[in-house]
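Worksheet: one structure, shown below.
The values are calculated or read from the model by the stated rules, or taken from the named source; none is laboratory data. Please read all numbers here as calculations on a predicted model, not as lab measurements. Because the Cβ atoms are built from the backbone with ideal geometry, glycine has one as well, and the counts that use them run over all protein chains shown.
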There are 2 protein chains.
Amino acid sequence: MTLRDYHLTLHDVADHQPEYLETIFSLANGHFGVRANDPISGNPITGTLINGFYETSPITYGEAGIGYAQQHQTILNLSDLRHIHVTTDSGHRFTSSERTVVDLDLTTGELTEQFVLQTQQGETITMGMKSVIGQRQTNFWAASYSFTAGNYTGGLLVSKSIAVPAEAESIPSVDPRKTRMAGLPICETQFVSRGLQRYHVKTRRTKQAVTIYLGMLDKTASLLQQPVDLSDGAAHKLEYEVYVGEIGEQNTIDPAAPFLANTVSALQDDSRQFWQDVWHRSEVTVGGNEELNLAIHYNIFQLNQAAGRDGRTNIAAKGLSGSGYEGHYFWDTEMYMLPYFIYTNQQMARQLLLYRYQTLPKARQRARALGVGQGALFAWRTINGEEASAYFPAGTAQYHIDADVAYAVGKYYEITRDIDFIEQCGFEMVLETANFWEAFGGWHQVGTENRFEFHTVTGPDEYTALVNNNYYTNRLAKHNFELVIYLAKEILKEDPHGLEKYGIGQGDLDVFENLAEHVYLPYSDDLQINEQDDSFLSKPRWPVDRSTPENFPLLLHYHPLTIYRYQIAKQADTLLADYLFPEDLSPEQLKREYRYYEGVTTHDSSLSRSIFSILAARMGDPEKAYGYFMDTAQMDLVNLQKNTADGLHLANLGGSWLALVAGFSGFYVQDEVVHFNNHLPKEITKLTYRMKIAASVLEIELTANDTNVTVISGPIPTYGVSVDGELISLVKVG
Amino acid sequence: MTLRDYHLTLHDVADHQPEYLETIFSLANGHFGVRANDPISGNPITGTLINGFYETSPITYGEAGIGYAQQHQTILNLSDLRHIHVTTDSGHRFTSSERTVVDLDLTTGELTEQFVLQTQQGETITMGMKSVIGQRQTNFWAASYSFTAGNYTGGLLVSKSIAVPAEAESIPSVDPRKTRMAGLPICETQFVSRGLQRYHVKTRRTKQAVTIYLGMLDKTASLLQQPVDLSDGAAHKLEYEVYVGEIGEQNTIDPAAPFLANTVSALQDDSRQFWQDVWHRSEVTVGGNEELNLAIHYNIFQLNQAAGRDGRTNIAAKGLSGSGYEGHYFWDTEMYMLPYFIYTNQQMARQLLLYRYQTLPKARQRARALGVGQGALFAWRTINGEEASAYFPAGTAQYHIDADVAYAVGKYYEITRDIDFIEQCGFEMVLETANFWEAFGGWHQVGTENRFEFHTVTGPDEYTALVNNNYYTNRLAKHNFELVIYLAKEILKEDPHGLEKYGIGQGDLDVFENLAEHVYLPYSDDLQINEQDDSFLSKPRWPVDRSTPENFPLLLHYHPLTIYRYQIAKQADTLLADYLFPEDLSPEQLKREYRYYEGVTTHDSSLSRSIFSILAARMGDPEKAYGYFMDTAQMDLVNLQKNTADGLHLANLGGSWLALVAGFSGFYVQDEVVHFNNHLPKEITKLTYRMKIAASVLEIELTANDTNVTVISGPIPTYGVSVDGELISLVKVG
């Protein structure tokens, strides 16, 4: 590990556009996020996102229908906490600033910046800024600003407060990946003392409230008019701290002295300890490739920053780094981000699954609204658990989210053996999703074959909608049926009456077994590959003359009807199932399938390349795997999708970790054995990473010829560990 | 013909709800329509619909996309022309009224009504009303009101004016069959003289303007304060006339004396002559069944009232009888209404096709927006030619409208041989739609078979959306290809250089021929029937426990995703193709297909039953045919769909005529021969009807054992006439 590997600076990023930098250097802690606005010239009324703090607005349809999602849910982009107002003592305001230094330390969570400020009259000074967000005390954020003379050497007046937003005009966008304007909340500000401002914000429709305090740690100082004298040539520091309350919390801190226990250095310690623990559990190092190391460290850092930790919140598609996709939670969590937490921080994984469990009552209601008489259907996109997808063909129709949640529960249990969680929450989710599939599907007799089929669904690939027997959906539903049987047996092992509270018995399990056996999985005899759905392979290919770069992403250039009628995929779909269930197909079929679907995939989704990387590694094509991985690893740092300004691509951050771990090191778990298979590409001479599985931290080290697994801390695990197909014995080091 | 057959009275209709009566007794002339509002208690600010007079508003999507329709188009529901204000000379206002008599004379177009009016003080009088709309002088409507003493025998003050609408709150509906609130137009009223009011209405966004005059025919009388003295016991008549200008027309009548040439009786003559002509061309009489005769006469009457006659307007889904479906024109015109005009009034049929031709430039643009590089795609629902469908899966995806328009052009030409129209307009429409299909479809190799397929389309059955190879769509597209070849040959007969202006040659025709040959028509070997689409037959059947009456129409009770995943049809789809192309299938296959699709059709669409009736007649099941026909014939008179209040079901009106003519009398035209086949059900002992084909009016008379065709006026036609499969010679009678 080198210093360089853990410091992200201005030199490491694709461009220096303000909105892009705001996202990239955002700080967060699962509870709230602070975008790295320019503190002088940035937008003072936006920049802070609180996980789960959202407003609703009625969804207006051109033509509405029964059972349509009723309310938009939109995360609120609250006032920038970083903004500061500096004037000379003669009243010249520093209005422009140049960001000359940025250093985000991934080992401490500290963001160090430097700006050259200038007045319209040409006076300059230098402003340093250090900021940090609390990682265990997640209500706090602190910043110290230090001022040094430039060509201006006189006195300054510094003022800092939380700005109240004014009504802005809504600008509708046809880019579904952006957010929408939410109704402005009701805001009240109050100066509790000259050094302490209270800011209360309450949404008009959802009636959520949050109290934020901004204060100066120097009790004698003034928020609104603090003099600084630069004439001595020294650096003069002003320290501020912010308390962001819990949603709904009222006055839980003493407004007279909210920050007594929290000096900036205390918050720095808090943050440092948190990150030390993260790296201890989940460090990843690619030998000799500083740039790549930095990228993967950054991804893991942002994954941890984004994840809600309280069981009531989750990971938004853009985390807390931006308001793209309105701050909604998608299947991305379960299928792309949860694996990292399951294998490095089971407590966090449990909290994320708890969030879904809390939405189960709404998921039951949603199933009824969709005309399915039993079971539950989780919302495709949501904050509060209600469906917020305003375009159902690429939203609600993605029923696979049900099986994705079930799959994640199974993976969590597989490695934690956390039967309490299964009995309290997990089994109910798996059972209710299986119940959904049972009532949603239909039998279809073809010759002598009796198939259980799922019609009019949309798979992960949103460039194909409302099809029959989407392979991914069917395969995951089959797994959902199998999982309910497996978990039922696990419960019965603990307690022979353990199923009674769910009102099911052996007869129900037999029904699920029969369904699992008969779920139809479309296969092309002609091409000898699994078919994405019943009709995908019969569609014409996307025209060559529309395949030049300016046509992508297709969703921003073509009507859905145009896209849907071609054989073109936004992302891995059938291949995603192949990644999840490696035992399903022979190496030869995988190769055929990979070659075929790669030819019709645009990767317009940021969820695509990581899966292509993993499968290429498994197939023994490490060069291709490396290529896809590099795009994955650096997606936001190079602004590959060109919309990082709206927020980071969280699913891809998880995907880049998966590409290393599930791809290059061939990691997977099956039947209580943890497998590693060395698929290192020649560009990576050495890969070292850690996992925390049950109580043990493992370190895995791969070189071209060798794979070593050692126990770094905790007991020698009881599960088996296999390397390149052979079971090994673990030793404990250090 | 009896008197009873041509008089619709209050006794003949399903209920006496005001909104229902307003629709049923509406008067119209293709230019404008006057709903039969209660003149005393009805809504004075709505009731008049001008064909093609509409306002736009931006379509708001929950989630918008590229190429989506941009603007709603909504026919404006203008001020009621019938409203009148009556008080006693002591100022007691007659506020309630009971409609005691209504008589709509279908031979004259005169509407005769009687009301008992009452004040809150209990004073009563009787008010008679006679109204008529100009059918050749289509700018005029006139009414005479006559007042007779009741328990009140004193003086009256009568006032009448055109009311200006005020802002009303918009109430969104999930029923897609209703209209929406359009933005209010700018209205100006002006009293040119005490007996003449000028009303100018201009839309804010579309900038359409119309001038309406309301005047008293008695030049000495006053619109706002006309005294009437009832003390003599006699009836006292006041006569009013209204001039509804053309859209965009400015001051084309002399405001000083607008009605000089138009006494009420002049307008009555105009109307009577028009209807005499209609019945001469298209009388239909079912021997001995007065109720049925009345229904079919009514349907024909309303078809004629609704149809735009100027080549710039068309027939709205609700005609001019109500604002349901926002006054939009659909494929209903070509496939359900145009046949009546083609076979009774070729001039009108030409005008309706001319409307489509005028929208061709917009249809070309729409094809480009849908990613199709050549040809034209007509708007699924529109007034001005631009797509106004805000839900594309059941709108724009119904590409079949292109082939429907082409089919109608072909049917028009078949019987008129109007080569001028083909050369000026028709061929261009057929060519551009064929061009569209060519670029829209794709080749698909299955084994040795090379199929030309159409993917991701919606057929006529909107309960199944975005499917591949919808049989109806493919069959009609095939016909579209064949038709362009046929019409090209017809043009070349006239002029060997006739195709040059279109830039096509024999090579292009060969391409179309090859496409026509290879268009894929899905067929189930298993069931030995044509398949509605590639996947329809593999879906589960609609659950029996959701098949009780309260679940219908399904679109008002279920999410589209629920409906789409079942094998359930809103209306005839594959069977509609069977009706259009009887030569396609054997009687046995037709029976299988009919039995099968009847079992999965809800008839939630008013376009369904007429087709089921026709095919049952052809299949030799006259009892079933009669059952469907009776629902068709009386659909609005019995309020079968329960939404006649929103307007008449115009397509069904056309369909009921088709059921008699194409069904019971087995009429169709093929290869310049007009065929009749006697399929009379036992309930109809005698069916007599007229057609005008080319210059000749034919009368066809069917009894159980006999079919006679005679020429009523015009020359003996040159085309062949076949009865029950044998060519006959026509004689002229009278």
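Here are the numbers for this structure:
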{"item": "Within the range A:12-30, tally of residues that are modelled with pLDDT of 95 or more, over 19 Å from A:Thr108 (Cβ atoms) and either touching a strand residue (DSSP E or B) at 6+ places or on another chain (Cβ under 7 Å) or among the aliphatic types (A, V, I, L, M) (or both)", "result": "1"}
{"item": "Residue in the range B:100-109 that is on the phi > 0 side of the Ramachandran plot and more than 14 Å from chain A (Cβ to nearest Cβ) present", "result": "yes"}
{"item": "Single condition B:Val405 does not satisfy, out of (1) more than 24 Å from the chain's Cα centre (by Cα); (2) more than 14 Å from chain A (Cβ to nearest Cβ)", "result": "(1)"}
{"item": "Some residue of the range B:165-174 being in contact (Cβ under 8 Å) with a residue 40 or more places away in the chain, within 14 Å of chain A (Cβ to nearest Cβ) and either surrounded by fewer than 16 Cβ atoms within 10 Å (Cβ to Cβ) or among the aromatic types (Phe, Trp, Tyr) (or both)", "result": "yes"}
{"item": "Pick from the range A:229-244, criterion in a loop (DSSP other than H, G, I, E, B) and surrounded by fewer than 20 Cβ atoms within 10 Å (Cβ to Cβ), ranking: modelled with the lowest pLDDT", "result": "A:Gly233"}
{"item": "Some residue of the range B:533-540 being within 14 Å of chain A (Cβ to nearest Cβ), of a type in the set (A, V, I, L, M, F, W, C), in contact with a strand residue (DSSP E or B) (Cβ under 7 Å, 6 or more places away or on another chain) and closer than 30 Å to B:Asn480 by Cβ", "result": "yes"}
{"item": "Residues being within 14 Å of chain B (Cβ to nearest Cβ) and surrounded by fewer than 24 Cβ atoms within 10 Å (Cβ to Cβ) - total across the range A:32-71", "result": "15"}
{"item": "Yes/no for A:Gly322 being buried (at least 24 other Cβ atoms within 10 Å of the Cβ), over 16 Å from A:Gly654 (Cβ atoms) and of a type in the set (Gly, Ala, Ser)", "result": "yes"}
{"item": "Boolean, B:Arg368 is of a type outside the set (S, T, N, Q), away from chain A (no Cβ under 14 Å), assigned to a helix (DSSP H, G or I) and at negative phi", "result": "no"}
{"item": "Conditions (1) surrounded by fewer than 17 Cβ atoms within 10 Å (Cβ to Cβ); (2) more than 9 Å from every other protein chain (Cβ to nearest Cβ); number of the one not met by A:Thr574", "result": "(1)"}
{"item": "Verdict on B:Asn469 being closer than 29 Å to B:Asp671 by Cα, touching a strand residue (DSSP E or B) at 6+ places or on another chain (Cβ under 7 Å) and either in contact (Cβ under 8 Å) with a residue 12 or more places away in the chain or within 14 Å of another protein chain (Cβ to nearest Cβ) (or both)", "result": "yes"}
{"item": "For A:Ala363: the one exception among (1) more than 14 Å from chain B (Cβ to nearest Cβ); (2) over 28 Å from A:Ala577 (Cβ atoms); (3) not in a loop (DSSP other than H, G, I, E, B)", "result": "(2)"}
{"item": "Residue that is modelled with the highest pLDDT [pool: residues in the range A:614-640 that are buried (at least 21 other Cβ atoms within 10 Å of the Cβ) and not in a helix (DSSP H, G or I)]", "result": "A:Asp636"}
{"item": "Boolean, A:Tyr463 is buried (at least 24 other Cβ atoms within 10 Å of the Cβ) and not in a helix (DSSP H, G or I)", "result": "yes"}
{"item": "Search result, residues across the range B:503-532 that are polar (S, T, N, Q) and facing chain A (nearest Cβ under 10 Å)", "result": "none"}
{"item": "Sole residue being part of a loop (DSSP other than H, G, I, E, B) and modelled with pLDDT under 95, chosen from B:Gly308, B:Gly288", "result": "B:Gly288"}
{"item": "Considering residues of the range A:541-559 that are under 30 Å from A:Lys591 (Cα atoms) and within 10 Å of chain B (Cβ to nearest Cβ) only, the residue surrounded by the fewest Cβ atoms within 10 Å (Cβ to Cβ)", "result": "A:Asp545"}
{"item": "Filter pass, A:Asn450 being within 14 Å of chain B (Cβ to nearest Cβ), surrounded by fewer than 18 Cβ atoms within 10 Å (Cβ to Cβ) and not in a helix (DSSP H, G or I)", "result": "yes"}
{"item": "Search result, residues across the range B:382-395 that are touching a His at 6+ places or on another chain (Cβ under 8 Å) and at the interface with chain A (Cβ under 10 Å from one of its Cβ atoms)", "result": "B:Ala388, B:Ala390, B:Phe392"}
